[in-house]
Amino acid sequence: MERLQGLVDIPEKKECTKCHRVLPISYFTKTLRNRIGKAPACKDCASKRFREYRSNPEVKEHLNEYRKEFVKKPEQKKRLSEYTKKYRARPEVKAKDKENRQSPEFKEKLKEYLQRPETKELRKGYRKNYLAKPGVKDNIKKYMDAYYSIPENLKKRKEYLKEYVSRPEVKERSKQYIKEYYSKPENIEHRKEYLKKYKQRPDVKEKNRQYYLENKEKINKRKRENYKRNK
Ligand SMILES: [Zn+2]
C-alpha cells in the first residue's frame with residue numbers, strides 16, 4: 001500500500017540475489033511480497049529456475065496430465081476446433097499447407113498413418129456411415145456408369161486389374177482366401193449346387209458339346225489314361 005501511494009522509493013538498480021549482477025530495476029518482475037514490489041532474483045534467473053522446474057520429470061508428467069484433462073473439456077474442445085478452423089482458413093496458412101502436402105516427408109507419414117490397423121478401422125466406419133446416407137450409393141453408381149462408358153477408362157481399369165491380380169502378394173492372398181472359404185462344408189455344398197445348375201444351362205451344355213467335338217481325341221485319351229491309372 002505504501003508503495004502504491006508513492007511512499008516507497010524504488011531504486012533504479014538492484015543486485016540479483018542469485019547471480020549477484022547489479023541490474024536496472026526493469027530486469028526484475030513484480031511481486032507483492034516485499035516492500036519495493038520487485039522479485040529478489042532477476043528475470044534471467046527466474047526464467048532459468050522455471051525452466052529447470054518444468055524439466056523435472058515429475059513436474060512434466062503432472063503438467064501433461066493437467067493439459068490432457070484440460071483439453072478434454074467440451075467447451076475447450078469447441079474453442080480449439082473453432083480456433084483451428086479460423087487458423088487454417090488464413091491464406092498464408094492454406095498456401096503453406098498445400099506446399100507441405102506435396103513434400104515427400106508428408107506423403108511418407110500419410111502412408112504410414114493409412115496403414116495403421118486403427119486408421120483402417122476408423123476409415124471403414126466413416127465409409128459405412130457415408131454409404132448409408134440416402135442417395136449416396138445411387139450417385140456413386142451414376143458416376144461410375146458415366147466414367148466406364150468411356151472406352152479408354154474401361155480399358156485402363158481392365159489393365160490395372162490384370163496387373164493387380166498378377167502381383168505375388170495378391171495371388172498369395174486370394175489363394176489363402178479360397179482355401180479358407182472351401183474349408184467350410186456349407187461353402188463346398190454351395191459350390192456343388194451351383195455347378196450342378198450351371199452344367200444344366202442350355203448355353204453351357206451347348207458350349208461343352210462343341211468343346212467335346214473339337215477336342216474329342218484329347219479328351220478320350222485322357223479318359224483312357226485315367227482309367228488305367230485307377231485300375
Ligand atoms: Zn540473476
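Take the alpha-carbon centre of segment 17-96, take the same for segment 150-225, and report the distance between them in whole Å.
69
In nm, to one decimal, how far is the modelled label at Glu61 from the one at Arg90, with both set 7 Å along Cα→Cβ?
3.7
Check cross-link reach from Lys111 to the lysines: straight Cα distance under 25 Å, and skip same-chain residues fewer than eight apart.
Within the straight-line cut-off, Lys111 pairs with Lys85, Lys94, Lys96, Lys98, Lys120, Lys124, Lys128, Lys156, Lys162, Lys171.
Hey, which of these cross-link pairs are over 26 Å Cα-Cα: Lys141/Lys175; Lys78/Lys107; Lys137/Lys199; Lys14/Lys48; Lys197/Lys223?
As for pairs spanning more than 26 Å Cα to Cα, those are Lys141/Lys175; Lys78/Lys107; Lys137/Lys199.
Which whole-number percentage describes the relative contact order of the chain, with Cα contacts under 8 Å and a sequence gap of 6 or more?
For the chain, the relative contact order is 6 percent.
What does the highest-first list of 92-100, 223-231 look like by mean Cβ count within 10 Å?
Ranked by mean Cβ neighbours within 10 Å, highest first: 92-100, 223-231.
Project the alpha carbons of segment 13-55 onto their principal axes and report the range along each, largest first, in whole Å.
In descending order, the Cα extents are 31, 22, 14 Å.
If R₀ is 22 angstrom, what is the calculated FRET efficiency for the pair Glu172 and Lys124, using the beta carbon separation as r and rounding to 0.05?
After rounding, the FRET efficiency stands at 0.45.
Between beta-carbons, use under 12 Å as the cut-off and find the net charge around Leu213, counting Lys and Arg +1, Asp and Glu -1. Write down the numbers at each step before the final one.
On the way: positive: Lys207, Arg209, Lys216, Lys218; negative: Glu206, Glu214, Glu217.
Taking every Cβ under 12 Å from that of Leu213, the sum is +1.
Determine the relative contact order of segment 13-55: mean sequence separation of Cα pairs under 8 Å and six or more apart, normalised by residue count, in whole percent.
Value for segment 13-55: 32 percent.
Laboratory data are not the source of any read-out in this text; all were calculated from the coordinates shown. Small disclaimer: the values here were computed from a predicted structure and weren't measured. With ideal geometry, Cβ positions are generated from the backbone for all residues, glycine too; neighbour counts draw on all protein chains shown.
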